[in-house]
Amino acid sequence: MSRPDTDISTSGGASESARRREVMIYSRYERFWHWSQAALIFALLFTGLGLHGTHDLLDFKLAVQIHTYAAIALILLWLFTTFWNFTTGQWKQYMFKGGLWKVIRFYAYGILVGEPHPYKKSLQRKQNALQSLAYMTFMVIIGPALWLTGIVYLTYDLWNTAPWSAEALWAIALIHTIAAFAMGAFVIIHVYMTTTGKTIFHYVKTMITGYDRVELSEVEEAYIEQTGMVDMKK
Ligand code: HEM
């Protein structure tokens, strides 16, 4: 189900009359692309590290095959999700937000002494400032570095006779590997962050069911009840 593009939120914060309700904040498509992207990235990281020589758990030829098919599937998924983000207005969720330092301070210190999270989730503001920055880095630097170098790598047979091919292959493999390790670091931090909710599995459950408790103003609640634009539990 798509979410309304119109701004029905109270600028992301709690208002006087805000009430917490169980609302579907991740639509079926969002959950589908999230989990399929995760599975493909794990497959690419595992097979890629096999190709790099970090482990020898897979036959080289099989690793190349899985890596190539998973890469094509991931590129198609990224293309379609980019289209979806723009047509549903969800791209706005990824824009830079203020309050970055407060979120960094919370994860470095506040979380250890039981301070409340400095950010309140709302329908129009599902990510905190640090999440938006991390996902933006993922989408505009790490992702493109991987698929651009990966596609050039795939077409090696077309340019392997050029006099510069050895140096070019070396540079392409180096950038691809650096980006792959950056992606690996992103995944580790991302998985750790998923455990910092109310309970260890709270965020994972949200990404499976789609529902989370968010603060809604009376206006938002009435709007959702009347239009049924977003699924809300009674
Ligand atoms: C998204 C599109 C991607 C494409 C088109 C792609 C393509 C390729 C190709 C063609 C190779 C060389 C295989 C060979 O030796 O024959 C390769 C290697 C590799 N890939 Fe990818 N890949 C992609 C994404 C990823 C991702 C997401 C990761 C990890 C998170 C990754 C990690 C690696 C690693 C570590 C290597 C070995 C590099 C080396 O040591 O030379 N790749 N990739």
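The values are calculated or read from the model by the stated rules, or taken from the named source; none is laboratory data. In this text the structure is predicted, and so the values were computed from the model without any measurement. Neighbour counts run over all protein chains shown; Cβ positions are idealised from the backbone, glycine included. Note: areas computed on protein heavy atoms with side chains; ligands, DNA, RNA excluded. Shrake-Rupley method; radii C 1.70, N 1.55, O 1.52, S 1.80 Å.
For the range 201-230, a residue qualifies if it is at pLDDT below 95, more than 12 Å from LYS126 (Cα to Cα) and of a type in the set (D, E, K, R), and the qualifying residues are GLU218, GLU220, GLU221, GLU225. Being under 20 Å from the mean Cα position of the chain (by Cα) and open to solvent by 50 Å² or more (accessible area, probe 1.4 Å) is a property that LYS234 lacks. Exactly one residue out of ALA162, ALA168 is at pLDDT 95 or above and either among the acidic types (Asp, Glu) or in a helix (DSSP H, G or I) (or both), and it is ALA168. Of all residues in the range 35-57, none that is closer than 19 Å to PHE186 by Cα and at pLDDT below 95 has its Cβ atom under 9 Å from the Cβ atom of a residue that is open to solvent by 90 Å² or more (accessible area, probe 1.4 Å) and near the ligand (Cβ under 8 Å from one of its atoms), 6 or more apart or on another chain.
Among the residues of the range 169-181, just one is within 16 Å of GLY143 (Cβ to Cβ), open to solvent by 40 Å² or more (accessible area, probe 1.4 Å) and within 9 Å of the ligand (Cβ to nearest atom), namely PHE181. Of the residues TYR192, TYR156, the single one that is exposed (fewer than 12 other Cβ atoms within 10 Å of the Cβ), hydroxyl-bearing (Ser, Thr, Tyr) and either without any contact (Cβ under 8 Å) to a residue 60 or more places away in the chain or more than 24 Å from TYR29 (Cα to Cα) (or both) is TYR192. When the residues of the range 195-231 are narrowed to those that are under 17 Å from the mean Cα position of the chain (by Cα) and touching a residue at least 12 places away in the same chain (Cβ under 8 Å), which ends up most open to solvent (accessible area, probe 1.4 Å)? Ranking the candidates gives ILE208 first. Is there a residue in the range 137-159 that is in contact with an Asp or Glu (Cβ under 9 Å, 6 or more places away or on another chain), within 25 Å of TYR203 (Cβ to Cβ), at pLDDT below 95 and of a type outside the set (Lys, Arg)? No. Of all the listed residues (ALA43, ALA63), the sole one being within 20 Å of the chain's Cα centre (by Cα) and more than 30 Å from GLU221 (Cβ to Cβ) is ALA43.
Taken over the range 88-119, the residue count meeting the criterion of being over 17 Å from TYR26 (Cβ atoms) and either in a loop (DSSP other than H, G, I, E, B) or open to solvent by less than 100 Å² (accessible area, probe 1.4 Å) (or both) is 22.
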